[in-house]
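Here the structure comes first, spelled out in structure tokens, and everything after it is commentary.
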Amino acid sequence: MPKTTDVCLGGYGWKVMGFAEGLDRSILNKIYNCLTTYLTWHSKMLMIRLDFSLYDSPSHNQDISKSLQHIAKIQKKRYGCIVGYGWVREQNSTDDKCHYHCFILLDGHKVQNSKTTFDLVLQIKNIVIDLNPHVPEHCYYMIRRNELDSFQAALYRLSYLAKNASKQHQPMSAKWFSFSRIKARPINKLTGSGTAN
């Protein structure tokens, strides 16, 4: 089990996983920004964790990028909401195969569980033969805006993606993380509101 350490993100103190090799603050910042930006659009957010391993270790990330974009496109059409996601690539020094830790963000008012997401993941497995999905334990979290405990739980879980271990053995040509680019909901100057539901 990793230790717990304290960090400052967005001007607030948070507890995240601590590792001997440390955490990559750029990834941790992107995770935090992804969560907080999504919450400007929806007051409830469902965060789903999933992993993929590969049977090979390509010098690119096309399979994971296209797969998550495909999932996001279908869910955006199905639920009529913004879909956020992110992935990090890891590869151990003793293993020539890479793997990915991922997450997906959905409107918690419209999506109450992870079933539809994992149905789509299984469909992708039949299309992209090289991707082998894995569902980790305690894979989804419901985060409510202004409910710090729910945000803290999700942030702590996702901080695992920012660990430095297993990220030193990447091909030079391959990116080792990517996050969807969601812009914060504009604030209405008349009402002072910048949130949807």
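The values are calculated or read from the model by the stated rules, or taken from the named source; none is laboratory data. Here the structure is a predicted model, which means the values were calculated and not measured. When we count neighbours, we look across all protein chains shown, and the Cβ atoms used for this are built from the backbone with ideal geometry, even at glycine. Quick note on the areas: whole protein, heavy atoms, side chains included, nothing else; ligands and nucleic acids left out. Shrake-Rupley method; radii C 1.70, N 1.55, O 1.52, S 1.80 Å.
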What is the number of the single condition among (1) over 19 Å from the mean Cα position of the chain (by Cα); (2) at pLDDT below 95 that Arg89 does not meet?
(1)
Could you list, in sequence order, all residues of the range 3-15 that are touching an Asp or Glu at 6+ places or on another chain (Cβ under 8 Å) and open to solvent by less than 80 Å² (accessible area, probe 1.4 Å)?
Gly13, Trp14
Quick one: in the range 114-145, of everything that is open to solvent by 100 Å² or more (accessible area, probe 1.4 Å) and not in a helix (DSSP H, G or I), which residue is modelled with the lowest pLDDT?
Ile129
For the range 37-53, give me each residue that is of a type in the set (Val, Ile, Thr), touching a strand residue (DSSP E or B) at 6+ places or on another chain (Cβ under 9 Å) and open to solvent by 10 Å² or more (accessible area, probe 1.4 Å).
Thr37
In the range 1-32, anything under 15 Å from the mean Cα position of the chain (by Cα) and small (Gly, Ala, Ser) is listed as Ser26
Selection from the range 54-88 of residues that are part of a helix (DSSP H, G or I) and crowded, with 18+ Cβ neighbours inside 10 Å
Asp63, Ile64, Ser67, Leu68, Ile71, Ala72, Gln75
What's the number of the only condition in (1) more than 20 Å from Lys183 (Cα to Cα); (2) touching a residue at least 60 places away in the same chain (Cβ under 8 Å); (3) out of contact with any helix residue (DSSP H, G or I) (no Cβ under 7 Å at 6 or more places or on another chain); (4) of a type outside the set (Phe, Trp, Tyr) that Ser65 fails to meet?
(1)
